[in-house]
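The values are calculated or read from the model by the stated rules, or taken from the named source; none is laboratory data. Computed from a prediction, not measured in an experiment: that's the story for all the values here. We place every Cβ from the backbone using ideal geometry, glycine too, and count neighbours over all the protein chains shown. These area figures cover heavy atoms from the full protein model, side chains too; ligands, DNA and RNA do not enter into them. Shrake-Rupley method; radii C 1.70, N 1.55, O 1.52, S 1.80 Å.
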Amino acid sequence: MEFQELIRWRRSIRGFSAAPVEPWKLQKILEAVNEAPSAGNCQAYEVFVVRRPEDRAALVAAAHDQDFMKVSPVVLVFCTHPGLSEVRYGERGARLYALQDATIACTYAMLAIVDLGLATVWVGAFEDEEVWKAIGSPEGLHPVAMLPVGYAAMEPRPKSRRELSGLVHEL
Ligand SMILES: Cc1cc2nc3c(=O)[nH]c(=O)nc-3n(C[C@H](O)[C@H](O)[C@H](O)COP(=O)(O)O)c2cc1C
């Protein structure tokens, strides 16, 4: 899809069919993630691909019963890996750059998902500790965002945005 069209077309989707995600599409999404910029190219994040129904159910429970993640066949969990940035940038790397690295990577995934004809919604409302346990309690990692991935089974809500003139400040 042409880029400008893609960013206008993208909407959060919270209803999925159970149709599987083709492995080649998942591969393309993960390759897009790996193209994302990161501070000092440290790539201070990790991505977990969650497919097992029982694991997705644990994520749903951790995310205050956002149960569309039970239906989408795949959920991607993005974690910061602060240690990878801290070695180069100290406290700023651990606190800020790792978070930026992980969320830019998540954004790349989101756009790739839509470009491939799939659907997603950024999920940020969850209990960190519970998501961390659901992905196997990986030491030194902190979950910051999740993306259910699947085929849309609903129409998106209409888009509403602030006026550009209200959020852009020219100096
Ligand atoms: C940081 C962040 C956290 C979000 N968390 C959730 C969430 O937990 N559940 C949900 O349904 N949508 C969540 N969203 C999606 C937003 O509600 C959505 O992007 C916003 O309403 C704009 O709609 P659009 O994505 O269709 O343009 C989140 C989005 C962002 C960027």
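Listed values, structure above:
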| read-out | value |
| --- | --- |
| Value of relative contact order over the range 1-86, rounded to a whole percent, pairs C-alpha under 8 Å and six or more apart | 37 percent |
| Cα centroid separation - the range 1-72 against the range 124-171, whole Å | 10 Å |
| Total formal charge among the other residues, if their Cβ is under 11 angstrom from that of residue 9, Lys/Arg +1 and Asp/Glu -1 | +1 |
| Relative contact order, percent, the chain [alpha-carbon distance under 8 Å, six or more residues apart] | 34 percent |
| Nearby aspartates and glutamates by direct alpha-carbon distance to residue 70 (threshold 20 angstrom, same-chain neighbours under 8 apart not counted) | 22, 54, 55, 127, 128, 129, 130, 155 |
| Environment charge at residue 62 (Cβ cut-off 10 Å; Lys +1, Arg +1, Asp -1, Glu -1) | -4 |
| Dipole moment magnitude, nearest 20 debye, the range 74-166 about Cα centre, only Lys, Arg, Asp, Glu C-beta charged | 360 debye |
| Global form of the chain, assessed from the alpha-carbon gyration tensor, a/c cut-off 1.5 | oblate |
| Estimated FRET transfer efficiency when R0 is 30 angstrom, pair residue 17-residue 129 (beta carbons, to 0.05) | 0.45 |
| Carbon plus sulfur fraction of accessible area for the chain, probe 1.4 Å, in percent | 53 percent |
| Computed [θ] at 222 nm, helices only, for the chain once each DSSP H run of length n ≥ 4 contributes -39500 (n - 2.57) | -12000 deg cm²/dmol |
| Förster radius 35 Å - calculated FRET efficiency between residue 91 and residue 1, Cβ distance, rounded to 0.05 | 0.30 |
